[in-house]
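J.: My structure is below; once you've seen it, I'll send some questions.
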Amino acid sequence: MGNPRVIYWFRTDLRLHDSPALKAALDLNPEEFWPVWTWDPRYVYRARVGTNRWQFLLDCQNDLSKSITKLNKKSKLFLMREAPQTLFPKLFKAWKITHLVFEKDTDAYAKDRDEVVKKAAEEAGVEVIIKSGRTLWDSDELVKKNHNKPTMSISQVQAAGPKIGKISRPIPPPKSIPDPGDTKLDFEPQRPEQNPDLNSSSRLQGDKSYERISGPNDDFAVPTLEELGFARATSSHRGGETIALQMLDRIIADEQYTATFEKPNTAPTAFEPQATTLLSPHLHFGSLSIREFYWRVQDVVDNYSGKASHPPASLTGQLLFRDMYFGAQAALGYSFGQTLYNSHCRFIPWHLPSKVDHKTKLVTGEYHVDSPQAEEWFQRWKYGRTGFPWIDALMRQLRQEGWIHHLGRHAVACFLTRGGCYISWERGAEVFEEWLIDHETACNAGNWQWLSCTAFFAQFFRCYSPIAFPKKWDKEGIFVKRYVPELKGLDAKYIYEPWKAPMADQKKAKVRIQGDGKEQLEGVYPKPMFDFNERRNICIEGMKKAYKVGLYGDDPKAIDGTWRKL
Ligand code: FAD
C-alpha cells in the first residue's frame, strides 16, 4: 500500500488529549496526515441547532485548529463544506488516501452515515479504522454485556461495564502532527440543495459560502457565525478543549467538592457560578474526554481522607447515567428518540402529541394540534411566560444561556408533561434540542422519557411544585429576579406566586400581574396559565389510567406491540 496517507475525520472528538482514534491514526506513522471536519448538512441543518450551540461548535473547531497548528505550522483543522457521504469518495481519489480514521459514533443517524462512508472507502481500497472514545465503555459492547438489551438502569451499567473491562486510563496528547499533503481539490462541491437529505426550506439555499469546498477564501477556515447568517450568540458559555481542561483543573483543585459531590444536593437556582460542573457541552463536542474527567475525579476520590460520595449521586455516577442513555440508544436506534416504535417507551395519550414521519422514521417538527389550549400552554412554556416565575426563569435561562441545571430540567420537563400541561415529552425534547448547548440525542430523549414517566422511572405521583420546590433552594428568589427582571422589585414572599401580591405591593414593585404575556409590555408579568394543583390532579388521574391500559396504549393492534414494527 506504500506509505500511509491518512485522513483523520474529527466529529464527536474535538480535542487532542485522550483520543484513542487519533492515537490509532498517528500510530500508522503517516507520511501525510489531513485533520478534517466535514460539513455534515444533515447534522448541521436538519437537526435543530440554535445559535448558542453553533457558537460552541465553532469555538471548539477554532481552538482545535490552533492546537494542531501549534504542533505543526503547516497543519490545522481543514473545514470541508460538503456532506461526508459525497465528499469522501472524491477526496480518497484526489489525495490518494490509504486510511480513514475516526471515533465511533453510535447515534442512529451517525451509524447510517458511517456505513455509507465505510462502503465508499471499501470501494476505493481505503482502510477504515474506528475506535470507541465517546463514552466510558463502548456502547455496543455495553449492550452485549447487558444480555443484548438496552441499558435501562444504572445498576445494569454497573454490572455490564466491568464485564467489558476496567475504564481505560486517558492517553496523553500527541507531541507532533505530520504534514498534510497537497490540499488542491480538482472537483466541484455538491451544492447543498442537490442533497436529498436537506429539506427545501433549508437556510442554505443560495448561500454562497458553499460554492467552494474549501470555503469562500479557499483556505479551509472555520466560518464565523456572521458568515453562516446567524445573529450573535447570547450564551456566556464558550467552547474549546483549552477552556474545558481549565474548567476541569479548577474542579479537581477543589478536592472536597469533587470527592463529596452529590447531585441531589446541588442547587438548581445557583448561577455564576452554577452548582454542577457545566462540562456537559464539552463532553458533547468531545472537547473534553470522558475518561479524562472520570479518572481525574476517581483519583481525587481514592485519595480523599474524608467521607467521599458514591454513584449514582457522585460525580462519577453522573457519567454512568450518560453511558446508560448511550447504551439504550445504541440498542434501540432511531426509535429511542420517540414513542412510536419504541418498545421501551410507554404510550400516554398526551394532549399535544408529536407526529412521526414514516419515511424517515424520525419525529418531525409537525404535529397534530388536538387541543388549542395545549398549543397555547406549550408556547407559553417555551417562551417563559407561563405566569409561574420559577418555570419562566428556567426557560428564559435555557434560551439565553443554552444550559440549565439538571433539577431545573426536571422542573420544566415535569411541568410540561405529567405535572401540569399533559403535553408530549417529544415536544419538550424538540425545544431542548434546539436550545441546549449540550444537546445529546441519547441523553435528551432518555431524560425526557424519565421525567415524563414513559420509561426509566414510573413514580408519576411525585410531581415538582413550581412554588414549593424552588423555595427550598432560594427563598429570596434571586434566580428568578435574574432571569425574570420584571419581578425584581417584588417582595420575596410573593416571588413564586406573584398573582397573590396585593395591588399596593405590585405598584411598589413597579409590576402589574395581568394578561397572558402575549404582548410583552414593560412592567407587566402574566397571570398563571392555570391552577397548578388542579392541573396536577388531572395529570395524575390521566397517568393512572394510562398505566392501567399498559405499555402500548389502548390500540388493540398495539397490545402485542405489532404496530411498532414497520
Ligand atoms: P454534572 O452534574 O456536573 O455531571 C457531570 C456530567 O455527567 C455531565 O456533564 C453529563 O455529561 C453527565 N450527566 C449528568 N447527569 C446526567 C443525566 N441525567 N443524564 C446523562 N448524563 C448526565 N444531558 C446532556 O448531556 N445532554 C442533553 O441533551 C440532556 N438533556 C436533558 C434533558 C432533560 C429533560 C433532563 C432532565 C436532563 C438532561 N440532561 C442532558 C442531563 C443533565 O441534566 C445534564 O447532563 C447536566 O445537567 C449537565 O450539567 P453538568 O455538566 O453541570 O452536569
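J.: Does Ala411 satisfy being within 30 Å of Trp499 (Cβ to Cβ), hydrophobic (A, V, I, L, M, F, W, C) and modelled with pLDDT of 95 or more? Show your work before the answer.
T.: Details: within 30 Å of Trp499 (Cβ to Cβ): yes; hydrophobic (A, V, I, L, M, F, W, C): yes; modelled with pLDDT of 95 or more: yes.
Yes: the conditions hold for Ala411.
J.: Separate question: May I ask you to list the residues in the range 442-468 that are without any contact (Cβ under 8 Å) to a residue 40 or more places away in the chain, assigned to a loop (DSSP other than H, G, I, E, B) and under 21 Å from the mean Cα position of the chain (by Cα)?
T.: Phe457 - this is the single residue of the range 442-468 that is without any contact (Cβ under 8 Å) to a residue 40 or more places away in the chain, assigned to a loop (DSSP other than H, G, I, E, B) and under 21 Å from the mean Cα position of the chain (by Cα).
J.: Another question, if that's okay. Among the residues of the range 389-425, what is the count of those that are closer than 25 Å to Leu278 by Cα and within 13 Å of the ligand (Cβ to nearest atom)?
T.: 21
J.: Another question about this same structure. Looking at the structure I just gave you, is Glu241 farther than 21 Å from Asn303 by Cβ, crowded, with 18+ Cβ neighbours inside 10 Å and either among the acidic types (Asp, Glu) or in contact with a Cys (Cβ under 6 Å, 6 or more places away or on another chain) (or both)?
T.: For Glu241, the condition - farther than 21 Å from Asn303 by Cβ, crowded, with 18+ Cβ neighbours inside 10 Å and either among the acidic types (Asp, Glu) or in contact with a Cys (Cβ under 6 Å, 6 or more places away or on another chain) (or both) - is met.
J.: Since Thr98 meets every condition but one in (1) touching a Pro at 6+ places or on another chain (Cβ under 8 Å); (2) closer than 30 Å to Phe293 by Cα, which condition does it not meet?
T.: That leaves (2) as the condition not met.
J.: Go through the range 210-232 and give me each residue that's open to solvent by less than 30 Å² (accessible area, probe 1.4 Å), in contact with a helix residue (DSSP H, G or I) (Cβ under 6 Å, 6 or more places away or on another chain) and farther than 14 Å from Asp59 by Cα.
T.: Tyr210
J.: Could you please find all residues in the range 449-466 being among the hydrophobic types (A, V, I, L, M, F, W, C) and more than 11 Å from the ligand (Cβ to nearest atom)?
T.: Keep residues of the range 449-466 that are among the hydrophobic types (A, V, I, L, M, F, W, C), which gives 450-451, 453, 455-458, 460-461, 463.
The answer is Cys453, Ala455, Ala458, Phe460, Phe461, Cys463.
J.: Would you please name the residue that is nearest to the ligand (Cβ to nearest atom), looking only at residues in the range 280-330 that are under 20 Å from Pro172 (Cα atoms) and of a type in the set (A, V, I, L, M)?
T.: Among them, the one singled out is Leu283.
J.: Tell me, which strands (runs of 3 or more DSSP E) lie completely within the range 1-95 with 3 or more residues that are open to solvent by less than 30 Å² (accessible area, probe 1.4 Å) and modelled with pLDDT of 95 or more?
T.: Filter on the range 1-95 gives 5-9, 32-38.
J.: Scan Lys471, Lys493, Lys500, Lys507 and give me the residue that is open to solvent by 50 Å² or more (accessible area, probe 1.4 Å), touching a residue at least 12 places away in the same chain (Cβ under 8 Å) and over 28 Å from the mean Cα position of the chain (by Cα).
T.: Lys471
J.: Check the range 337-355 and report whether any residue there is in a strand (DSSP E or B), free of Cβ contacts under 8 Å to residues at least 40 places away in the same chain and in contact with a strand residue (DSSP E or B) (Cβ under 6 Å, 6 or more places away or on another chain).
T.: The first filter runs over the range 337-355 and keeps only residues in a strand (DSSP E or B), leaving 354-355.
Still in the list and also free of Cβ contacts under 8 Å to residues at least 40 places away in the same chain: 355.
Restricting the remaining residues to those that are in contact with a strand residue (DSSP E or B) (Cβ under 6 Å, 6 or more places away or on another chain) gives 355.
Within the range 337-355 (the criterion being in a strand (DSSP E or B), free of Cβ contacts under 8 Å to residues at least 40 places away in the same chain and in contact with a strand residue (DSSP E or B) (Cβ under 6 Å, 6 or more places away or on another chain)), the answer is yes, since at least one residue qualifies.
J.: Do we find that Lys263 is on the phi < 0 side of the Ramachandran plot and more than 13 Å from the ligand (Cβ to nearest atom) in this structure?
T.: no
J.: A further question on this structure: Does the range 125-172 hold any residues that are closer than 26 Å to Leu14 by Cβ, among the small types (Gly, Ala, Ser) and assigned to a helix (DSSP H, G or I), and which are they?
T.: Ser139, Gly161
J.: Scan the range 252-311 residue by residue and report those that are free of Cβ contacts under 8 Å to residues at least 24 places away in the same chain, of a type in the set (Ser, Thr, Tyr) and farther than 23 Å from His410 by Cβ.
T.: Of everything in the range 252-311, just one residue is free of Cβ contacts under 8 Å to residues at least 24 places away in the same chain, of a type in the set (Ser, Thr, Tyr) and farther than 23 Å from His410 by Cβ, namely Ser305.
J.: Taking the range 266-279 as the region of interest, how many residues are open to solvent by 50 Å² or more (accessible area, probe 1.4 Å) and away from the ligand (no atom under 13 Å from the Cβ)?
T.: Count: 1.
J.: Kindly indicate whether Lys96 is at positive phi, in contact (Cβ under 8 Å) with a residue 60 or more places away in the chain and among the basic types (Lys, Arg). Before you say what the answer is, go through the steps one by one.
T.: Details: at positive phi: yes; in contact (Cβ under 8 Å) with a residue 60 or more places away in the chain: yes; among the basic types (Lys, Arg): yes.
Answer is yes for this residue.
J.: Still on this model: Do the conditions hold for Trp450, that is, is it open to solvent by 20 Å² or more (accessible area, probe 1.4 Å) and in contact with a strand residue (DSSP E or B) (Cβ under 9 Å, 6 or more places away or on another chain)?
T.: No, not satisfied.
J.: Could I ask something else about it? Select from the range 245-277 the residues that are small (Gly, Ala, Ser), touching a Phe, Trp or Tyr at 6+ places or on another chain (Cβ under 9 Å) and part of a helix (DSSP H, G or I) and list them in ascending order.
T.: Within the range 245-277, just Ala259 meets the criteria.
J.: While we're on this one: Just for the range 373-388: of the residues that are open to solvent by 10 Å² or more (accessible area, probe 1.4 Å) and not hydrophobic (A, V, I, L, M, F, W, C), which one is nearest to the ligand (Cβ to nearest atom)?
T.: Here the residue is Lys382.
J.: Please return the ranges of helices (runs of 4 or more DSSP H) entirely within the range 389-441 where 3 or more residues are in contact with a Lys or Arg (Cβ under 8 Å, 6 or more places away or on another chain) and open to solvent by less than 10 Å² (accessible area, probe 1.4 Å). Let's see the steps before the verdict.
T.: On the way: elements: 389-401, 406-416, 425-435.
Answer list for the range 389-441: 389-401.
J.: Can you spot a residue in the range 313-333 that is under 27 Å from Arg53 (Cα atoms), of a type in the set (S, T, N, Q), open to solvent by 20 Å² or more (accessible area, probe 1.4 Å) and in contact with a helix residue (DSSP H, G or I) (Cβ under 7 Å, 6 or more places away or on another chain)?
T.: yes
J.: Give just the number: which of (1) modelled with pLDDT of 95 or more; (2) part of a helix (DSSP H, G or I); (3) within 23 Å of the chain's Cα centre (by Cα) does Tyr109 not satisfy?
T.: Against the list (1) modelled with pLDDT of 95 or more; (2) part of a helix (DSSP H, G or I); (3) within 23 Å of the chain's Cα centre (by Cα), Tyr109 comes up short only on (1).
J.: Condition test on Phe479, is it surrounded by fewer than 24 Cβ atoms within 10 Å (Cβ to Cβ) and either near the ligand (Cβ under 10 Å from one of its atoms) or within 25 Å of the chain's Cα centre (by Cα) (or both)?
T.: Values: surrounded by fewer than 24 Cβ atoms within 10 Å (Cβ to Cβ): no; either near the ligand (Cβ under 10 Å from one of its atoms) or within 25 Å of the chain's Cα centre (by Cα) (or both): yes.
So Phe479 fails the test.
The values are calculated or read from the model by the stated rules, or taken from the named source; none is laboratory data. Model, not experiment: these values are computed from the prediction. With ideal geometry, Cβ positions are generated from the backbone for all residues, glycine too; neighbour counts draw on all protein chains shown. Areas reflect the complete protein model, heavy atoms only, side chains present, ligands, DNA and RNA absent. Shrake-Rupley method; radii C 1.70, N 1.55, O 1.52, S 1.80 Å.
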